[in-house]
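Structure, as structure tokens:
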Amino acid sequence: MSEKIKLIQRESLKEKPDPSNLGFGEYFTDYMLSFDYDIDQGWHDLKIVPYGPIELSPAAQALHYGQAVFEGLKAYKHDGEVDLFRPSENFKRINNSLARLDMPKVDEDTLLEGLKQLVDIERDWVPEGEGQSLYIRPYVFATEGILGVRPSYSYKLLIILSPSGSYYGGDSLNPTKIYVEDEYVRAVRGGVGHAKVAGNYAASLLAQTNASAQGYDQVLWLDGVEQKYVEEVGSMNIFFVENGKVVTPELNGSILPGITRKTVIELAQNLGYEVEERRVSIDELIEAHHNGTLTEVFGTGTAAVISPVGQLKYGDTEIVINNNETGEVTQNLYDNYVGIQSGKLDDPNGWRVVVPRY
Ligand SMILES: Cc1ncc(COP(=O)(O)O)c(C=O)c1O
């Protein structure tokens, strides 16, 4: 058994929220994991501390020049046990994001061990209802108080936990309406699109607000050079079922390599679907819709898992996918994915990672 991480106890535990009304990211548990970096000591002082406000220099570099990265994953409770889903993938990706912003990498095994001990302490906070989970948010930001534009000499890593409700409210999938953004772009090749950096989300908000005002749920981004090729949705990767094949844009440096995307590709192949990762233009999709070969569209991401798309609007063209209903392939992938995640189906690839009792 690994060494126990230092725990600073809080004086009293919080009252837990009503499990039937959790929403997303609204409530936080009693504790968080904290890890500090400075240039002399490297990463040090790993500890579990009460969730609460932190002290930060007003000149902290993250606030000015945006050295900030984050991750998102979930823990599930079933049969009295708590599992994480492919957590090592998130820690691999946080290191890729850190490297891109010239921030110091962190030992992935240390982080996983820290997360397991934190979730063990907080296991009573993991909700058990259909579709509910404990959302886990690891993040790192520059803390040095200096206004020079250079990499910070100090950083803080925190992991906070938030019990969250089902994305769909009930247990059926609801197709979403998507606005294809043809004015703003999210990322360009050579930029930071493949990294999960805070600034990418700041840059996406205006387009999302405009799309919401027109009654759309999410924005579908096109490539930043020609604005012709489909990239991804606000917080999801995108998939199409075309001529019976499962097609998704190839990772080109400006798309976030989603862990749900990777898992869905593996799952689809295991289920016998042909999967293509390639460039997909918006014109190809509209044409495929008109000739009847585009039968399904869905997004993939930690929050929504697999989310069917019922409508796509691009300029003056609006297309309705599969009669605004969840398609057969989408439903099959969803059932298998959620079945494995929730412990109802076998997990031949070892995606579930049990949180031990320390
Ligand atoms: C921009 C973007 N694309 C895709 C995804 C899906 O990634 P994942 O499946 O790892 O959650 C996310 C969510 O993390 C995202 O923010």
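Going through the stretch 208-229 one residue at a time, which ones are crowded, with 19+ Cβ neighbours inside 10 Å and over 19 Å from the mean Cα position of the chain (by Cα)? First the steps, then the outcome.
As a first pass, look at the stretch 208-229 and keep what is crowded, with 19+ Cβ neighbours inside 10 Å: 208, 211, 216-223, 229.
Once the filter is applied, which keeps residues that are crowded, with 19+ Cβ neighbours inside 10 Å and over 19 Å from the mean Cα position of the chain (by Cα), the stretch 208-229 yields Ala211, Tyr216, Leu222, Asp223, Tyr229.
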Give the residue, chosen from Leu111, Leu158, Leu115, Leu101, that is open to solvent by less than 20 Å² (accessible area, probe 1.4 Å), within 21 Å of Phe35 (Cα to Cα) and out of contact with any helix residue (DSSP H, G or I) (no Cβ under 8 Å at 6 or more places or on another chain). Leu158
In the stretch 81-93, what residues are away from the ligand (no atom under 12 Å from the Cβ) and either part of a strand (DSSP E or B) or under 12 Å from Ser342 (Cα atoms) (or both)? Glu81, Val82, Asp83, Leu84
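Among the residues of the stretch 210-220, is there at least one that is out of contact with any Cys (no Cβ under 8 Å at 6 or more places or on another chain), in the same structural domain as Lys77 (by the TED database) and not in a loop (DSSP other than H, G, I, E, B)? First the steps, then the outcome.
Going residue by residue through the stretch 210-220, those that are out of contact with any Cys (no Cβ under 8 Å at 6 or more places or on another chain) are 210-220.
Narrowing the set further to residues that are in the same structural domain as Lys77 (by the TED database) leaves none.
No, every residue in the stretch 210-220 fails to be out of contact with any Cys (no Cβ under 8 Å at 6 or more places or on another chain), in the same structural domain as Lys77 (by the TED database) and not in a loop (DSSP other than H, G, I, E, B).
State the number of residues belonging to the stretch 232-243 that are of a type outside the set (D, E, K, R), more than 11 Å from the ligand (Cβ to nearest atom) and touching a strand residue (DSSP E or B) at 6+ places or on another chain (Cβ under 8 Å). First the steps, then the outcome.
The first filter runs over the stretch 232-243 and keeps only residues of a type outside the set (D, E, K, R), leaving 233-241, 243.
Those left that are additionally more than 11 Å from the ligand (Cβ to nearest atom): 239-241, 243.
In the following step, the residues that additionally are touching a strand residue (DSSP E or B) at 6+ places or on another chain (Cβ under 8 Å) were identified as 239-241.
Within the stretch 232-243, residues that are of a type outside the set (D, E, K, R), more than 11 Å from the ligand (Cβ to nearest atom) and touching a strand residue (DSSP E or B) at 6+ places or on another chain (Cβ under 8 Å) number 3.
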Take the stretch 42-80 and flag every residue that is open to solvent by 20 Å² or more (accessible area, probe 1.4 Å) and of a type in the set (Asp, Glu). Asp45, Glu55, Asp79
Check Trp221 against each of (1) under 19 Å from Asp335 (Cβ atoms); (2) within 15 Å of the ligand (Cβ to nearest atom); (3) among the aromatic types (Phe, Trp, Tyr) and name the one condition it does not meet. (1)
Considering only residues that are among the charged types (D, E, K, R), touching a residue at least 40 places away in the same chain (Cβ under 8 Å) and more than 15 Å from the ligand (Cβ to nearest atom), which ones fall in the stretch 256-300? Arg279, Asp283, Glu296
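Is it the case, given these coordinates, that Thr330 is touching a residue at least 24 places away in the same chain (Cβ under 8 Å), more than 15 Å from the ligand (Cβ to nearest atom) and closer than 30 Å to Gly25 by Cα?
The answer is yes for Thr330.
Give the stretch 244-255 a look and list any residue that's open to solvent by less than 10 Å² (accessible area, probe 1.4 Å) and either of a type in the set (Lys, Arg) or within 13 Å of the ligand (Cβ to nearest atom) (or both), or say none.
Within the stretch 244-255, Thr248, Pro249, Ser254, Ile255 qualify.
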Mind checking whether some residue in the stretch 172-184 is open to solvent by 10 Å² or more (accessible area, probe 1.4 Å) and within 16 Å of the chain's Cα centre (by Cα)? no
Residue pairs qualifying under the 7 Å Cβ cut-off, at least six apart or on distinct chains, with the first in the stretch 7-22 being open to solvent by 90 Å² or more (accessible area, probe 1.4 Å) and the second being acidic (Asp, Glu), are Leu13/Asp30
Taking the stretch 230-243 and keeping only residues that are surrounded by fewer than 20 Cβ atoms within 10 Å (Cβ to Cβ) and part of a strand (DSSP E or B), one is left with Glu242
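The values are calculated or read from the model by the stated rules, or taken from the named source; none is laboratory data. Just so it is clear, the model here is predicted, and its values are computed rather than measured. Counting neighbours? That spans all protein chains shown, and the Cβs are built from the backbone with ideal geometry, glycine included. Just the protein is used for accessible areas: all its heavy atoms, side chains included, with ligands, DNA and RNA removed. Shrake-Rupley method; radii C 1.70, N 1.55, O 1.52, S 1.80 Å.
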